[in-house]
Amino acid sequence: MKKPKTSNPTRRRVGPKGGLDYGILTGLLGYRLRRAQAVVFSHFLETVGKAGISPGQFGVLNLIKENEGLSQSALAKGFGIERSTMVAVIDGLQDRGWVKRVASKRDRRSYALSLTKAGRAFIERITPEVEAHEREIAANLSGEEKDQLIAMLARIADGEG
């Protein structure tokens, strides 16, 4: 006699007539995080991105705005990316007239970053669109669920899993 399959709420078949069986993937945190990130980034680019900005660029502009005089090294560390990658990001934002580099008063080998007047105006204009994007992607979560999810993701990111 064939053993009946038990229902696993984390397993899903998608596509025509059930299509793909994702097996173990649907129960893996990393897979779910990656899929969620793809959906969030895609929505950002379809909405806020029409203004010519990516989620990463918005994050960089926001950190500079909130931490005037921040060095490129500290910014890269805050984002968890290589300094050389951050240099390219800052170059692009500087080319657009949104960020300026000024020789650091504390360390002549590094630059202090700040927003230009145009950069400050841009981030002020775009922030309500980012907040609307955030409301849309979190629409299926209660306020408490959103807060819990953010706290849990922060614990993972901070190594407190």
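We did not get these values from a lab; they are worked out from the coordinates using the rules stated. A quick note: this is a predicted structure, and the numbers were derived from the prediction, not measured. Cβ: placed from backbone, ideal geometry, glycine included. Neighbour counts: every protein chain shown.
Of note:
- Seen against the Cα atoms of the chain and their longest principal axis, helix 55-66 is set at about 50 degrees.
- Cα-based Lys pair tally, the chain, threshold under 18 Å, eight or more apart or on separate chains: 4
- 3J(HN,Hα) from dihedral phi, the stretch 75-91, Karplus parametrisation 6.51/-1.76/1.60, rounded to Hz, x for glycine, proline: 5, 4, 4, x, 8, x, 10, 5, 4, 4, 5, 5, 4, 5, 5, 5, 4
- FRET efficiency, R106 to R83 (Cβ-Cβ, R0 22 Å, nearest 0.05): 0.80
- L153 paired with N140, simple spin-label distance in nm, labels 7 Å along Cα-to-beta-carbon: 1.5 nm
- Structure remark: mean-square fluctuation, Gaussian network model of the chain, C-alpha springs under 10 Å; the largest value among L93, L33, L63 belongs to L33.
- Percent breakdown of C-alpha pair distances by 5 Å bin, ordered from the shortest bin, for the chain: 1, 7, 12, 15, 16, 14, 11, 8, 5, 4, 2, 2, 1, 1, 0, 0
- Net length available on complete extension from A36 to K117 is 25.7 nm, with 0.36 nm assigned per residue and the Cα-Cα distance removed.
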